[in-house]
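The values are calculated or read from the model by the stated rules, or taken from the named source; none is laboratory data. Please read these numbers as outputs of a predicted model, since none were measured by experiment. Neighbour counts run over all protein chains shown; Cβ positions are idealised from the backbone, glycine included. To get the accessible areas, we keep the full protein, side chains included, count just its heavy atoms, and leave off ligands, DNA and RNA. Shrake-Rupley method; radii C 1.70, N 1.55, O 1.52, S 1.80 Å.
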Amino acid sequence: MSRTLVVVTAGLSQPSSTRLLADQLADAVSSAVGGRGESVEVEVIELRELAADLATTLTTGGLPTPAVARAREKVSGADGLIAVTPVFTASYSGLFKTFFDVLDTDALNGMPVLIAATAGTPRHSMVLDFAMRPLFSYLRAVAVPTGVFAATEDFGSTGLTERVHRGAAELAQLMVAESTGVQGFLQDEPVRRRSSGNSVGAVRPFSELLAGHTGKRE
């Protein structure tokens, strides 16, 4: 059986340390899933290539451009997600946050996620627990216990390699997990389905809605 792994990377330069870390994580997850007898199809979403489309989506009342709509479909349909951001002003980048702002509120329900971040110095490592975990918890995703932070000096180190493989193993386990529990007497709560949000009905621009009330008073 083949699994789909989506990698969201918010690096701004090309090449970037953020993309480098994202690729290392994707390779490690692919190997870990392969070790469980399954294959992986990896889809990479480079947010730097979507910057203009994300701005357009936000400024047109949330109506996604075709490129954003395709990215939303990929994310909501994935079996697992790797999310990697550079650290700006002690948090994830604005580009990274904008992408998750335009996702449907049900896009990540129960989604296994491996979070990661890059920065120039180790002092920014707390961004994983104080910024990224709360974000994915709010989106009802399931972030694996190990987050991977990489300062510039970490690349090529044994410590980073160990964190990459530990986080990858945790994500792979969730991606191919099968229920082994004994069914109880109470009916399990249904899992909330994921949605890309692309198939909603026609949306009237907010300006048109306002125009209908111009000059009216209650």
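Among residues belonging to the range 87-124 that are at pLDDT 95 or above and of a type in the set (Ser, Thr, Tyr), point out the one that is most open to solvent (accessible area, probe 1.4 Å).
Out of the qualifying residues, it is Tyr92.
So how many residues does the range 25-51 have that are free of Cβ contacts under 8 Å to residues at least 60 places away in the same chain and open to solvent by 70 Å² or more (accessible area, probe 1.4 Å)?
Total meeting the criteria: 4.
Please specify each residue of the range 148-178 satisfying the condition of being in contact (Cβ under 8 Å) with a residue 40 or more places away in the chain, small (Gly, Ala, Ser) and not in a helix (DSSP H, G or I).
Result: Ala150, single match.
I'm trying to understand the selection: among the residues of the range 125-134, which are within 12 Å of the chain's Cα centre (by Cα) and surrounded by fewer than 19 Cβ atoms within 10 Å (Cβ to Cβ)? Break it down into steps so the answer makes sense when it comes.
From the range 125-134, those within 12 Å of the chain's Cα centre (by Cα) are 132-133; that's our starting set.
Result: Arg133, single match.
Could you please let me know if Arg140 is open to solvent by 20 Å² or more (accessible area, probe 1.4 Å) and either under 23 Å from Leu21 (Cα atoms) or not in a helix (DSSP H, G or I) (or both)?
Numbers: open to solvent by 20 Å² or more (accessible area, probe 1.4 Å): yes; either under 23 Å from Leu21 (Cα atoms) or not in a helix (DSSP H, G or I) (or both): yes.
Here the answer is yes, as Arg140 does meet what is asked.
Name the single residue that is most open to solvent (accessible area, probe 1.4 Å) among those in the range 1-24 being part of a strand (DSSP E or B) and farther than 14 Å from Leu114 by Cβ. Lay out the reasoning, then the answer.
Taking the range 1-24 first, the residues part of a strand (DSSP E or B) are 2-9.
Those left that are additionally farther than 14 Å from Leu114 by Cβ: 2, 4.
On the way: Ser2: 66, Thr4: 38 Å².
Only one residue tops the list, namely Ser2.
Can Pro145 be described as in a loop (DSSP other than H, G, I, E, B), over 19 Å from Leu47 (Cα atoms), out of contact with any Lys or Arg (no Cβ under 6 Å at 6 or more places or on another chain) and open to solvent by 20 Å² or more (accessible area, probe 1.4 Å)? Break it down into steps so the answer makes sense when it comes.
Numbers: in a loop (DSSP other than H, G, I, E, B): yes; over 19 Å from Leu47 (Cα atoms): yes; out of contact with any Lys or Arg (no Cβ under 6 Å at 6 or more places or on another chain): yes; open to solvent by 20 Å² or more (accessible area, probe 1.4 Å): yes.
Taking the combined requirement at face value, the residue satisfies it.
Every residue, every condition in (1) closer than 20 Å to Arg36 by Cβ; (2) open to solvent by less than 60 Å² (accessible area, probe 1.4 Å); (3) at pLDDT 95 or above; (4) aromatic (Phe, Trp, Tyr), yes or no:
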position: Thr158; (1), (2), (3), (4): no, no, yes, no
position: Arg166; (1), (2), (3), (4): yes, no, yes, no
position: Leu171; (1), (2), (3), (4): yes, yes, yes, no
position: Gln187; (1), (2), (3), (4): no, no, no, no
